[in-house]
1. Restricting to strands (runs of 3 or more DSSP E) lying wholly in the stretch 1-65: which have 1 or more residues that are at pLDDT below 85, at negative phi and not assigned by TED's automatic domain parsing to the domain that holds residue 187?
2. Residue 116 fails exactly one of the following numbered conditions: (1) in contact with a strand residue (DSSP E or B) (Cβ under 9 Å, 6 or more places away or on another chain); (2) farther than 23 Å from residue 356 by Cα. What is the number of that condition?
3. Go through (1) buried (at least 20 other Cβ atoms within 10 Å of the Cβ); (2) over 27 Å from residue 196 (Cβ atoms); (3) modelled with pLDDT of 95 or more one by one and return the number of the condition residue 363 breaks.
4. Just a yes or no: is a residue in the stretch 44-51 in contact with a strand residue (DSSP E or B) (Cβ under 7 Å, 6 or more places away or on another chain), surrounded by 13 or more Cβ atoms within 10 Å (Cβ to Cβ) and either without any contact (Cβ under 8 Å) to a residue 40 or more places away in the chain or closer than 30 Å to residue 198 by Cα (or both)?
5. Please find, among 131, 167, the residue that is surrounded by fewer than 24 Cβ atoms within 10 Å (Cβ to Cβ) and touching a helix residue (DSSP H, G or I) at 6+ places or on another chain (Cβ under 7 Å).
6. Which one of these is under 28 Å from the mean Cα position of the chain (by Cα), at pLDDT 95 or above and either surrounded by 15 or more Cβ atoms within 10 Å (Cβ to Cβ) or not assigned by TED's automatic domain parsing to the domain that holds residue 161 (or both): 251, 202?
7. Just for the stretch 296-312: of the residues that are in contact with a strand residue (DSSP E or B) (Cβ under 8 Å, 6 or more places away or on another chain) and surrounded by fewer than 23 Cβ atoms within 10 Å (Cβ to Cβ), which one is nearest to residue 328 (Cα to Cα)?
8. Working carefully through the options 92, 166, 154, 176, find the one that is assigned by TED's automatic domain parsing to the domain that holds residue 219 and modelled with pLDDT under 95.
């Protein structure tokens, strides 16, 4: 079980924030998770200074105190792979196989996106992730300066990579490198960057080899899709005689830090290849997208057996319809039980570990995010629900999960049995020949309150979204 020994505040003086009285989620160094009752978290200078008992901080001065009695206190969740601006396509391409989804719906729509569209989509995605308790995400898309702007104004942390294909020529790879070097360490250190080739089937071996060289020379990680599904793996074997995991190994990508998205097509023959990697290898699984495309599930148990961290992700909202990592936890646990035919495998605690510490390791952020621990771990601010963010835009509302349920039905006002006499007998008559009633006087309605999204956007200083 995790060590529950209280860590007293490291130095005297007022704290920036004290969260007291709650049930705090604590981790140990062996992937164990436990809960400390009536505990407190002390934050100074944006970092966790202590995780201790509520009694120990009762007299500690603080700029802000939060009473967490009856609540759970845990680290911010991590969305290990997404395409944030694709919230603009939520519900626009439903019930389609992946080839038709890409070629006939998504890619044609993406060619019409402007940089301003990407900025608005990224701001909306950040608002949605904040409302779901996500404090860190890994994004793989285009026009990434606009996504970086959204990260800066929202207060989130992100690993950002500008995607490219071999069809773009050398300019695509150079743009990805330029962005990674310019934006690395931005937003006060909240932004880290990656090189982002799309996938082995859209980027040539030569370009992957060049990417590995650039990553090695500049100390950058690589974020790409690989072995997304079993059909992709079988196609690669038939055409090239190797799997989509063996291709990165052959081109040197497994000799630099790499994050592999999806991996549902990973085979047992790929395990020795991944195990022989000389740098960090992480895998991001997005279970709802896998279900939507009728793919297999990521072999989490096999990957854990060779020490490869598996982070939880949502993918983009066009293929997921939500950016809710809590839902990814639920689906991962259930899908893994079914795939392994083992109800004891991947418990709720293990799923929570994958959404926090395992995701942090997959992104190379272990020691900074993913757990509540004193030292270098950054503190995420409190998050309040902004429900409308997860329901916009509404291309196909029935494909989107209802986010607000009515708890009562408004009763209709009973209609009078007799119509009131007309104010003027000369007024026109209706289709039955009866006099029409006098028009009701206009009612003065109270000012409509701002939506939760706009309130959240205002707190996060997102003027582009707040003004919508």
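1. 17-27, 33-44
2. Looking at each condition in turn, residue 116 falls short on (1).
3. Just one mismatch for residue 363, condition (2).
4. yes
5. Matching residue, one of 131, 167: 131.
6. Working: 251 fails: under 28 Å from the mean Cα position of the chain (by Cα).
So the residue among 251, 202 that is under 28 Å from the mean Cα position of the chain (by Cα), at pLDDT 95 or above and either surrounded by 15 or more Cβ atoms within 10 Å (Cβ to Cβ) or not assigned by TED's automatic domain parsing to the domain that holds residue 161 (or both) is 202.
7. 297
8. One residue alone meets the criteria, 92.
The values are calculated or read from the model by the stated rules, or taken from the named source; none is laboratory data. Because the structure is a prediction, the values reported are computed rather than measured. Reconstructed Cβ throughout: ideal geometry from the backbone, glycine too, with neighbour counts over all protein chains shown.
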